[in-house]
Amino acid sequence: MHEDFDRCYRAMQSKDRRFDGWFVVAVETTRIYCRPSCPGHSPLARNVTFYPTAAAAQHAGFRACKRCRPDASPGSPEWDIRQDLVGRATRLILDGTVDRVGVAGLASHLGYSVRQLERHLVTELGAGPLSLARANRAQTARLLIETTAMTFSEVAFAAGFSSIRQFNDTVRTIFANTPSELRARAAGKGTSEVAGESGPPGTLVFRLPFRAPFVPTSLFGHLAATAIPGCEEVRNGAYRRTLRLPNGNGIVALTPLSDHVVCRLTLDNLRDIPVAIARCRWLLDLDADPGAVTDALSGDSVLVSQVLRAPGRRIPRSVDGAEMAIRVILGQQVSTSAARTHGARLAECYGTPIDDPAGGLNRIFPTSEAFQEIGPDALAMPRSRQTAVFALATALASGAIELDPGTDRERTLHQLARLAGIGPWTLEQISMRVLGDPDAFPNTDMGVVKGAKELGLPVTPAALVAHSRRWRPWRSCAVQYLWATQDHPINNWVTEGQPCV
């Protein structure tokens, strides 16, 4: 979008918040870059350059606006959807891959040379992988500076910087303030990123922004209804779950509010902060573009009333691809409650213990390696499902199949289809909830069939698929509206009261 100057300039003049994250506005005269919705005076067209990311603007020598904080806007929905090298690389960078294994490790993981990767990213985004990772570290550093009492040395290493000097130089370059000045400014004026609520000792509290409209009912209702006891719970209006992260374990509590989602993180290792935030955003589909979805789906006279009644439904995804893929298989041909029971038994027996002083969580879902060790006969379920779980766990543990943010969707689905016990319904569910495919469509899903019948749509598989083509490329979003027609626990969200697990 950033290459369409007239469109971007009109969006900037209108101060439309829906375009935040799609591009940033760099002003040549002030050397500052802003969100499209920045409340400041609109610059003249001759003084403006549009960049696709904050990293590209920083790489070009611009610093972040102190008023609108463009580096803290929702991410571009483009990086959730795109399956090319740039989209896959961007998701891996946000997941902290460069900080863990370097640019060479990132390139190797994607199957490209460092030179090829650099060329593609610079051409498309105006910045290479190091610049993108640096921008991500800077955003994490600013959050920690402004929302915690951590020392600056602790902040530097938690954000992923290799030295205090690198941390100080980056903060001064990008924000035109020293770390001390940023903290003092936040203390005096407050900051849009502070949730304003305290959590248990050792808990960090952040705001996760999203593009309005945002309907949390079915999203959080789905997470609550499918929650595995011990690994997930609903407590005091928050969805809470355990996390397995690169440097340790953690617990997150997510509470939806009118203009943001409150994210409370308790981590073994603070270096996992940016990864945990990125995975929570992915889980809740917070970088989605609800306007594009509404425009596309409301063109169908059958679906339009559902869409306009609640625009902004999101797709419930996952924080751990391997875990969710196995859970999808556990849910084959059984009810939601039965799938929870299977998951709870496995977590209790083979999950990793974790301490949760603030709630009732005690397990992290078993790893693929754990399933390999226990073998299929230990799974109390039909033989076909035992075989499917064990085959998938073996493929994941060996690295033959990968379900990380940089996964090649088409290749992965082809590999999964070759495993015993994985059919079309399972593939579509994994594509939607693990791989983030906005166009997945499990046409044989019971909730989809019932929703289609409720709306008067054809329910035979071939006819329903044929009708669904008019919803492309947003069929995964259409699924949320079909599910929402039912009186089912996934559409109910408990916002107050006692623990509900």
Out of the residues in region 1-36 that are touching a residue at least 24 places away in the same chain (Cβ under 8 Å) and among the aromatic types (Phe, Trp, Tyr), which is nearest to Arg67 (Cα to Cα)? Tyr33
Taking region 307-326 and keeping residues in contact with a Ser or Thr (Cβ under 7 Å, 6 or more places away or on another chain) and either buried (at least 19 other Cβ atoms within 10 Å of the Cβ) or not in a helix (DSSP H, G or I) (or both) leaves Val307, Pro311, Arg313, Ile315, Ala322, Met324
I need the full set of residues from region 332-351 which are exposed (fewer than 13 other Cβ atoms within 10 Å of the Cβ), in contact with a Phe, Trp or Tyr (Cβ under 9 Å, 6 or more places away or on another chain) and of a type outside the set (S, T, N, Q), in order please. none
Val25 fails exactly one of the following numbered conditions: (1) within 30 Å of Val103 (Cβ to Cβ); (2) not in a strand (DSSP E or B). What is the number of that condition? (2)
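Is it the case that Trp474 is touching a residue at least 12 places away in the same chain (Cβ under 8 Å) and surrounded by 19 or more Cβ atoms within 10 Å (Cβ to Cβ)?
Details: touching a residue at least 12 places away in the same chain (Cβ under 8 Å): yes; surrounded by 19 or more Cβ atoms within 10 Å (Cβ to Cβ): yes.
So Trp474 fits the description; yes.
Can you confirm whether Val98 is free of Cβ contacts under 8 Å to residues at least 40 places away in the same chain, of a type in the set (Val, Ile, Thr), buried (at least 23 other Cβ atoms within 10 Å of the Cβ) and outside the structural domain of Ala158 (by TED's automatic domain parsing)? Write out each step before concluding.
Details: free of Cβ contacts under 8 Å to residues at least 40 places away in the same chain: yes; of a type in the set (Val, Ile, Thr): yes; buried (at least 23 other Cβ atoms within 10 Å of the Cβ): yes; outside the structural domain of Ala158 (by TED's automatic domain parsing): yes.
Against the criterion (free of Cβ contacts under 8 Å to residues at least 40 places away in the same chain, of a type in the set (Val, Ile, Thr), buried (at least 23 other Cβ atoms within 10 Å of the Cβ) and outside the structural domain of Ala158 (by TED's automatic domain parsing)), Val98 qualifies.
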Among (1) touching a Phe, Trp or Tyr at 6+ places or on another chain (Cβ under 7 Å); (2) at pLDDT below 90; (3) not in a helix (DSSP H, G or I), there is one condition Ala11 misses while meeting the rest; what is its number? (3)
Looking only at residues in region 74-122 that are over 14 Å from the mean Cα position of the chain (by Cα) and among the hydroxyl-bearing types (Ser, Thr, Tyr), which one is nearest to Gly399 (Cα to Cα)? Ser108
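Could you tell me which of the residues Ile354, Ile364, Ile329 is touching a strand residue (DSSP E or B) at 6+ places or on another chain (Cβ under 8 Å), among the hydrophobic types (A, V, I, L, M, F, W, C) and crowded, with 21+ Cβ neighbours inside 10 Å?
Working: Ile354 fails: crowded, with 21+ Cβ neighbours inside 10 Å; Ile329 fails: touching a strand residue (DSSP E or B) at 6+ places or on another chain (Cβ under 8 Å).
Within the list Ile354, Ile364, Ile329, the selection yields Ile364.
Yes/no per residue for (1) surrounded by fewer than 23 Cβ atoms within 10 Å (Cβ to Cβ); (2) part of a loop (DSSP other than H, G, I, E, B); (3) not small (Gly, Ala, Ser):
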position	(1), (2), (3)
Arg207	yes, no, yes
Ala212	yes, yes, no
Leu219	no, no, yes
His222	no, no, yes
Ala227	yes, yes, no
Arg240	no, no, yes
Arg244	yes, no, yes
Asn249	yes, no, yes
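Consider region 355-414. How many of its residues are outside any loop (DSSP other than H, G, I, E, B) and of a type outside the set (S, T, N, Q)?
Narrowing region 355-414 to residues outside any loop (DSSP other than H, G, I, E, B): 363-364, 368-374, 376-378, 383-398, 409-414.
Restricting the remaining residues to those that are of a type outside the set (S, T, N, Q) gives 363-364, 369-371, 373-374, 376-378, 383, 385, 388-393, 395-397, 409-411, 413-414.
Number of matching residues: 26.
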For residues that are part of a helix (DSSP H, G or I) and either aliphatic (A, V, I, L, M) or surrounded by fewer than 24 Cβ atoms within 10 Å (Cβ to Cβ) (or both), tally how many sit in region 141-166. 16
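The values are calculated or read from the model by the stated rules, or taken from the named source; none is laboratory data. Small disclaimer: the values here were computed from a predicted structure and weren't measured. Cβ coordinates were reconstructed from backbone atoms using ideal geometry, including for glycine residues, and neighbour counts include every protein chain displayed.
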